[in-house]
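See structure below.
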Amino acid sequence: MASGTARYLRYILFAFFGLAVVYFISSSSSTQRLGNLSEFTKSGILSQAGKNPQAGQKPADGDTNLSTETTPNTPAGLPPATADGPRMNATFVTLARNSDLWEIARSIRQVEDRFNRKFHYDWVFLNDKPFDETFKKVTTSLVSGKTHYGQIPVEHWSFPDHIDQDRARKVREDMAQRKIIYGDSVSYRHMCRFESGFFFRQELMLNYEWYWRVEPSIELFCDIDYDPFKFMADNKKKYSFVLSLYEYVETIPTLWDSTKKFMKAHPEHIAEGNSMGFLSDDGGETYNHCHMWSNFEIGNLDWLRSKAYLDYFEALDQDGGFFYERWGDAPVHSIAAGLLLKKEEIHFFNDIAYYHVPFTHCPTGEKTRLDLKCHCNPKDNFDWKGYSCTSRFFDINGLSKPEGYENQQD
Ligand SMILES: Nc1nc2c(ncn2[C@@H]2O[C@H](COP(=O)(O)OP(=O)(O)O)[C@@H](O)[C@H]2O)c(=O)[nH]1
Ligand SMILES: [Mg+2]
């Protein structure tokens, strides 16, 4: 009996041993599988086509500012990916109607893809009417930063009391006959006055120091791998542009007269070492109509809110040319930047490739275009053509023109 019991005990021990071996083999192989899986994830093989480097990895070319980045579908609760470096107190700003939704959606998508998906700056939308739910829903879904929606107070979008309505109406009728672009439009004039004197004073904008203006249906053609707001701050820039050209004379016949009156009344606001040479070919006697196109702008809001700028806007507004002519915000901003800022405070962004109908700024210099993965045709670049004022900007600042500009002059 004793030997029988021992045999049973041996069988039980063997069975335990066998079970232990089976358990050990199966658990070690599943650990290994999990180990391999986490290796794949780390090396980015499971992330989107290897385009989303994880912390500690060398970022892909052109993504040099990235420290961490998640796949586009960041799981809820995880913080969004951000670029290295301090955040500037900055926002995008767009004036738009509800009917501009799909055109501004295209612009936002381009700005996000080329820049803001890595930086997540806020976006302020302004409108003279309330934004509808669809506008807010779609734009919020596209912007990677916070979105804010503001309705413009009526006094910033209407005729000031001192404007003679009859005179203003006659001007519109006359301009309609002469087929001057937007010449018959009241709302376009409110828009130009608003962009000249009020957008930077909207309640939502008071929280910010820097702005980047974006209009519907614009295009960006190159990656922007650094923070232009920070560039502006670090280099003491206050205003910037990508396209410049001559303004239609018929829309601003007396703008320079008003400006000269202002210069006389407020010599204290005129900067030493300003850009008068960009604006005038005869030392300030007449305006050559050069201006920086304001549908793209990166600029400093505190400068626009300064006494110097506000005095200039107020002087122009009193003279009534927003309504008795059709003064655009582009020449107004440009003349102000040209006279109230030192010339070094204005920056030309060669590396921000941009389109607003009908002009393109495509960076001069093949290396820049390849490094930044640009998709614009260099032949479309407007910078060095006869109707552009950008050459003049280079000349007055003593800048040497980028290599290859000679081949783009016609
Ligand atoms: N809310 C609002 N925005 C306007 C109005 N008119 C123009 N805008 C906006 O003002 C900017 C300039 O207008 P746009 O039509 O692009 O003028 P253009 O670029 O000079 O041809 C754009 O951002 C428009 O969406 C308007 O009546 N109301
Ligand atoms: Mg436009």
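Brief remarks on what is shown
- Between the stretch 316-363 and the stretch 212-250, the Cα center-to-center distance that results, in Å: 10 Å
- Farthest positive-ward along the stretch 90-397 dipole, Cα basis, beta-carbon charges - from CYS192, PHE241, THR147: THR147
- Residues listed by number, the stretch 317-357, amide nitrogen under 15 Å from GLN177 label point at 7 Å toward C-beta: none
- Of the beta bridges in the stretch 90-397, as assigned by DSSP with both residues counted there, near 45 percent are antiparallel.
- Overall shape: oblate for the stretch 337-378, with the ratio a/c of the largest to smallest alpha carbon gyration tensor axis at 1.5 or above and b/c at least equal to a/b.
- Compared with the direct C-alpha span, the chain from ASP164 to LYS385 gains 75.5 nm at full extension, assuming 0.36 nm per residue.
- Once backbone amide H atoms are built at 1.01 Å from N, GLY365 has no partners under 5 Å, excluding neighbours fewer than 5 places away on the same chain.
Quick note: the coordinates plus some simple rules give every number you see, no bench work behind them. Computed from a predicted structure; not experimentally measured. FYI the Cβ positions are ideal-geometry reconstructions off the backbone, even for glycines, and counts take in every protein chain you see.
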